[in-house]
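S.K.: Dropping a structure here in structure tokens format, bear with me for questions.
The values are calculated or read from the model by the stated rules, or taken from the named source; none is laboratory data. Predicted model, so just to flag it, every value in this text is computed and none were measured. As a convention, Cβ positions derive from the backbone with ideal geometry for all residues, glycine included, and neighbour counts pool all protein chains shown.
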Amino acid sequence: MSAKEKVLSVGIDLGTSQSAISTSAGAHHVVDSYVGWPVDMVARKVMKKPVVIGAEALENRTMLDLHRPLEQGLIKEGSEKDLAAVREILSHLIELATEGNRETRTRAVVGVPAETMRVNKQQLRQIMRGMVDSLIIVSEPFAVAYGIEALLHTMIIDVGAGTTDFCVMKGRYPTEEDQRTLTKAGDSVDDLLAKLIDERHPEVQFSIHMVRGWKEQYGFVGEPAKRALVTAPVHGKAQKVDITDAVRAACESLLAPFTETMLDLLAAVEPEYQEKVRQNVMLSGRGSRIHGLAEELEKALVDLGGGKVRLVDDPVFAGANGSLAIALDADEDDWEKVSA
Amino acid sequence: MPGGSSDSLKRRLLAGAVDDNVRAIRNQPRRRLYRRAPFPWLLAAAGAALVAAAALVVVALRSGAPAPAESGAASVATSAPAPEGLPAFVSAPPARVSGRVFPLAVRRIAIDPGHGGGDQGTRTSSGLREKDLTLDLARRLAARLAAAGFEPRLTRDSDQRMLLADRARFANDAGADLFVSIHLNWIEDGRANRGIETFYLGPSDDPEATQLASFENRESGYSLADVRRLLDSIYADLRQEQSRAFALAVQKRLLAAVRAVAPEVRDRGIKSAPFLVLVATDMPAVLAEVACLSNDEEARLLGRDDYRDRIAGALFDGIAAYSRSVAQAEPGSGSDKGVR
């Protein structure tokens, strides 16, 4: 690389529900991981663009062939349209990051779920060819750990929409045995919440997008901070509905698998370090904002001698910021090895 | 900061992340973490003994003497001598390792009679059950192998149910050199159709093979995460290539033996498919659908001792042929190339 060439380092958190990017120029962007194509000429005329991304796509979904191309943190298989949608999201993020300045050399680090198969990583690498000059793919919890410098004797629990990733940092790049991926995450809570509301309030009309919003506003485990009173149409007329119990039951469905996985990974830590790891459990991801989650996980640690579960400061950008930190620390030799 | 950090620690983690990416780009398997040896001095002594043994073999090869003969039917050819003045192991490139580097005899064969216990597999209206027939064929094959000096190991020797995970574990723990899973096919329009097919591990584009694999995998005992790990580990595996050569050898002999009695039997070929019992084993492995129970004529023949003996004989011939070819040619090449 010549000395005159401008280099932009970017960190990307490619998420099932939202994707975020942080750049060495100080920019931060987050988009909902939705892509839509106008369904007909009329829709194209109204939208005034061939493809719509993010919240705008969600808002105008009735006019669009809408795709949420990631499922459980992975690119959906077998659909060309979903591959195209992932390409659009990434290209949109890179475009936002470079602000259209194509003369800049772009180096990217992308976080993906911990147990992503190699074939998916290769697919991602292929999609990003031409978008960036070099690419490093890392596990999402590793990126979070790197960003908050929790590199030793720490457990990261990254609660996303499609997956929840667990990773114990032992001072080495995490191996298979240091990590777990659960599909119990934000989406599974949404599905259960929708089912419970439908069972308990069959007269209420709602969509999965409304349910997602209610969970984000009221999600809790243990004791509720406030009643979850939502407004939804009943036979076309807006009414207040109390969904507190349904929200609790749906969110608490995460507790058993989370606890089991946390304890399982802890047991695999060398005995002399288990206490340190127990005191350094970090929750990240948007799902970590479920009220009371950290406290309930701490309760599970009591029998082992106690521990501390804390939340990262910025759950939306923790992954992207961590990826950016990796991108900034990687040297020329590293980047040369991973040219896109 | 939770945990601890330093520049050297970050450097090590970054190097790990880059190495993981480079391996993915080069299609090399992930680095695995091996547990610390309890007695390092013992490992060192074993290593020294291995080096000494390797030196003896090199000397023997250069002097034109045959490699130490293995007992049993498998005859082993020696590898080509190393170029003058250069030990073979020094000049070896870091690329894929050829099977010829390891001119070892095939000796221990894991034979897996499909299904068992409550899992009957397929069955005919006359009461012939796949689980009984596969066990009978496995016992016949084991007897032939033992008589020829091989060491057969049956995953089950009675009518018992076994998870696929346990079958694979059995073969791995037994240190088997080859793995043969015996099954009988059921083709929906099979009254008119009959054919033989042999599977080896790998991805499949064939919906029929995928459907069959998912049917056979239903009692696997593996979690989704296990499956991802297993598939990832075999993605660039030499074992896949060896398994293909093994499948060719078995398919060719089966076809020849059965067509001598029933010329109309179709060659359904060798196919790759993600049967978990193949994925989770550590050695070259095939799953042979040795006959078609949905075909009335085939079912009638399978009721006869001499026909089952013929099939077991063909399986034996396939194993013996593959064993002979191990050190003679690159896996996948040789006289079996003409078979699909």
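S.K.: Cβ-Cβ under 7 Å, sequence separation 6+ or interchain: first residue in the stretch B:160-180 and of a type in the set (D, E, K, R), partner not in a loop (DSSP other than H, G, I, E, B). Which pairs?
M.R.: B:Arg161/B:Gly116; B:Arg161/B:Asp119; B:Arg167/B:Asp112; B:Arg167/B:Val277; B:Asp177/B:Arg108; B:Asp177/B:Ile109
S.K.: Looking only at residues that are buried (at least 24 other Cβ atoms within 10 Å of the Cβ) and part of a strand (DSSP E or B) in the stretch A:137-153, which one is farthest from the other protein chains (Cβ to nearest Cβ)?
M.R.: A:Ser139
S.K.: Report whether or not A:Gly305 is farther than 15 Å from A:Ile156 by Cβ and modelled with pLDDT under 95.
M.R.: Criteria met by A:Gly305.
S.K.: So, one more: Select, from A:Thr183, A:Thr231, the only residue that is closer than 22 Å to A:Thr116 by Cβ and among the polar types (S, T, N, Q).
M.R.: Step by step, each of A:Thr183, A:Thr231 is checked, and only A:Thr183 is closer than 22 Å to A:Thr116 by Cβ and among the polar types (S, T, N, Q).
S.K.: Next question. Farther than 20 Å from A:Gly219 by Cβ, more than 14 Å from chain B (Cβ to nearest Cβ) and among the small types (Gly, Ala, Ser): does that describe A:Ala320?
M.R.: Yes.
S.K.: While we're on this one: Just to be sure before I move on: is A:Asp158 at pLDDT 90 or above, of a type in the set (Asp, Glu), within 20 Å of the chain's Cα centre (by Cα) and assigned by TED's automatic domain parsing to the domain that holds A:Val269 in the structure I sent?
M.R.: yes
S.K.: Identify, from the list A:Glu296, A:Glu223, A:Glu272, the residue that is under 27 Å from A:Phe317 (Cα atoms) and not hydroxyl-bearing (Ser, Thr, Tyr).
M.R.: A:Glu296
S.K.: If only one of A:Thr116, A:Thr98, A:Thr106 is more than 24 Å from A:His28 (Cα to Cα), of a type in the set (Ser, Thr, Tyr) and crowded, with 18+ Cβ neighbours inside 10 Å, which one is it?
M.R.: The unique qualifying residue is A:Thr116.
S.K.: Tally time: how many residues in the stretch B:109-144 are at positive phi and not small (Gly, Ala, Ser)?
M.R.: Of the residues in the stretch B:109-144, 1 are at positive phi and not small (Gly, Ala, Ser).
S.K.: Moving on. Check every one of the helices (runs of 4 or more DSSP H) wholly within the stretch B:220-312 and list those with 3 or more residues that are within 14 Å of chain A (Cβ to nearest Cβ), surrounded by fewer than 22 Cβ atoms within 10 Å (Cβ to Cβ) and modelled with pLDDT under 85.
M.R.: Correct list: B:224-234.
S.K.: Out of (1) modelled with pLDDT of 90 or more; (2) closer than 29 Å to A:Pro38 by Cα, the odd one out for A:Phe142 is which?
M.R.: (2)
S.K.: Here is a follow-up. Output the number of the condition that A:Asp242 fails; it satisfies all remaining conditions of (1) farther than 27 Å from A:Pro69 by Cβ; (2) within 13 Å of chain B (Cβ to nearest Cβ).
M.R.: (2)
S.K.: Is it true that some residue in the stretch B:138-145 is without any contact (Cβ under 8 Å) to a residue 40 or more places away in the chain, out of contact with any Gly (no Cβ under 9 Å at 6 or more places or on another chain) and not small (Gly, Ala, Ser)?
M.R.: Checked against the condition, which is being without any contact (Cβ under 8 Å) to a residue 40 or more places away in the chain, out of contact with any Gly (no Cβ under 9 Å at 6 or more places or on another chain) and not small (Gly, Ala, Ser), the stretch B:138-145 yields at least one hit.
S.K.: In the stretch A:284-296, is there at least one residue being out of contact with any His (no Cβ under 9 Å at 6 or more places or on another chain), crowded, with 16+ Cβ neighbours inside 10 Å, under 30 Å from B:Ser8 (Cα atoms) and not acidic (Asp, Glu)?
M.R.: Yes - at least one qualifying residue is present in the stretch A:284-296.
S.K.: Within the stretch A:164-176, is even one residue closer than 17 Å to B:Leu14 by Cβ, outside any strand (DSSP E or B) and in contact with a Cys (Cβ under 6 Å, 6 or more places away or on another chain)?
M.R.: Yes, the stretch A:164-176 contains a residue that is closer than 17 Å to B:Leu14 by Cβ, outside any strand (DSSP E or B) and in contact with a Cys (Cβ under 6 Å, 6 or more places away or on another chain).
S.K.: Would you call A:Gly171 more than 7 Å from chain B (Cβ to nearest Cβ), in contact with a helix residue (DSSP H, G or I) (Cβ under 7 Å, 6 or more places away or on another chain) and either closer than 14 Å to A:Gly285 by Cβ or not charged (D, E, K, R) (or both)?
M.R.: It is false that A:Gly171 is more than 7 Å from chain B (Cβ to nearest Cβ), in contact with a helix residue (DSSP H, G or I) (Cβ under 7 Å, 6 or more places away or on another chain) and either closer than 14 Å to A:Gly285 by Cβ or not charged (D, E, K, R) (or both).
S.K.: Could you please let me know if A:Ala300 is within 12 Å of chain B (Cβ to nearest Cβ), touching a helix residue (DSSP H, G or I) at 6+ places or on another chain (Cβ under 9 Å), closer than 27 Å to A:Gly147 by Cβ and surrounded by fewer than 22 Cβ atoms within 10 Å (Cβ to Cβ)?
M.R.: no
S.K.: Counting only residues that are in a strand (DSSP E or B) and surrounded by 24 or more Cβ atoms within 10 Å (Cβ to Cβ), how many does the stretch A:181-190 have?
M.R.: Here the count works out to 1.
S.K.: Could you list, in sequence order, the residues of the stretch B:164-188 that are more than 22 Å from B:Gln251 (Cα to Cα) and either at pLDDT below 85 or touching a Leu at 6+ places or on another chain (Cβ under 7 Å) (or both)?
M.R.: Residues satisfying the conditions are B:Leu164, B:Ala165.
S.K.: Can you pull out the residues in the stretch A:70-117 that are at pLDDT 75 or above and within 14 Å of chain B (Cβ to nearest Cβ)?
M.R.: A:Arg107, A:Ala108, A:Val109, A:Val110, A:Gly111, A:Val112, A:Pro113, A:Ala114
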